[in-house]
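Data first, discussion second: the structure below is written as structure tokens.
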Amino acid sequence: MRPRNFGVRVHDQQKATEGFTLYSPLWGQQANLMNMNGEIVHQWELPGYPGGYARLLPNGNLFYAASTDDGPPFKGGAKGGLIREVDWNNNVVMEYRDDWQHHDVRKLPNDNILYAGWEMMPEETAGKVKGGVPGTELPEGIVSDFVKEVTPQGQVVWEWHAHSDMDVEKYEMHPLCPRRVFAWCNTTFPLDNGDVLISLRQINLVAIIDRETKKFKWERHDDNWGHQHDCQMLPNGNIMLFANGMNTLAPHPCSFITEFDPDTNETIWEYRDDPSTYFYSHHISGAERLPSGNTLICEGSFGRLFEVTPEKEIVWEFINPEFADTFFGETANWIFRAFRYTPDSSEIGGRV
């Protein structure tokens, strides 16, 4: 249902985490920094649609990917291609281009760039892909994912390829997923030791890639997640992710946030709405654990950002009022991810 009220709808000043929220409407061409009242206090114009989000760096610069016209032989949401770091006044500090980049891109502490990309899967390997909807391959074949770390000058210093570093036959695609892409990486979360935590949407899998062997040193598959997004390792060592809840056996589609211990898979914390169907985004979306212990949630396909306490009380809520045309032939106010920065953070640094 299209929302009827936009902007900030809830703000508990005693319980909400004070700060500024950065979001990039997926079908707009800007990154917005807003205060707790929903007022835009700073804005950066982007040269294309976000691919799929922007974030502030510790030096206060904006880091993002924007869509380019070239790339894979299909239209996919959160496609980027142009990776940039810009200063507060939108002056370009660094630029790198890979037209097949999509979904996630990170600036590493060593100034290198970690990102997910697509590539055509070799025909021999494509023949081993199991599952998915029969006959939905692209005319060109099947696209698969890679993850690369490159220097700001574009030198590749590390790379991982799904078609060669995974046992493709072991991981069957969900039967309702088109076979055009295996396995649709939507998150590349760098770990302190150089390993990478990834989310593979089409096979309902999160895994840690060993930097040295390029094999999975840990993995978990759960069809109940329903094509999850935004897996991340928290400072306490737990993993948190946005479980979209699409194509599951649940009686009613719903999303949830789950935090679990990767050693035992025990659920440590979870957020669901009541009734559960009041919280549902079948794609995109994410969550961020805030310094206060609260969690900022992005219900992407509804354009809704909201903050909950550990006790699951909603203490801040915003709905994006900006609707724009999509390449699906409809309008949407989608947001891929959002981030909250406290006033005393280095990212804000007294600039607003």
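Only DSSP H runs of four or more residues enter the estimate; each adds -39500 (n - 2.57), and after division by the residues of the chain the mean residue ellipticity at 222 nm equals -500 deg cm²/dmol.
Annotation: lysines with alpha-carbon distance below 28 angstrom to LYS312 (same-chain offsets under eight excluded): LYS15. Measuring r between the beta carbons of PHE74 and GLU18 and using R0 = 35 Å, the FRET efficiency lands at 0.25. Counting only residues at least eight positions apart within a chain, or on another chain, the lysines with an alpha carbon under 25 Å from that of LYS170 are LYS128, LYS130, LYS148, LYS214, LYS215, LYS217.
Comparing GLU270, GLU288, GLU140 in a Gaussian network model of the chain, where Cα atoms under 10 Å apart are tied by springs, the biggest mean-square fluctuation is seen for GLU140. Between the C-alpha center of the range 27-80 and that of the range 278-352 there is a gap of 14 Å.
The Cβ shell under 9 Å around VAL93 holds other residues with a net charge of -2, Lys and Arg each +1, Asp and Glu each -1. Could you give the distance between the Cα centres of the range 204-236 and the range 149-200, to the whole Å? Measuring centre to centre over Cα atoms gives 10 Å.
Bridging of LYS75 to aspartates and glutamates at a Cα separation below 13 Å is possible for ASP99, once same-chain residues fewer than 8 apart are set aside. As a rough guide to protection, the peptides 249-256, 81-88 ranked by mean Cβ packing within 10 Å, highest first, stand as 81-88, 249-256.
Label separation (HIS221 vs ASN37): 5.2 nm, computed from points 7 Å beyond Cα along the C-beta direction. From least to most packed, judged by other beta carbons within 10 angstrom and beginning with the fewest, TRP100, TRP218, TRP225 follow the order TRP218, TRP100, TRP225.
Values in this text are rule-based calculations from the coordinates and carry no lab data. The structure presented is a predicted model; accordingly, all values stated were derived computationally and were not measured. Note that we place each Cβ from the backbone using ideal geometry, even for glycine, and neighbour counts take in every protein chain shown.
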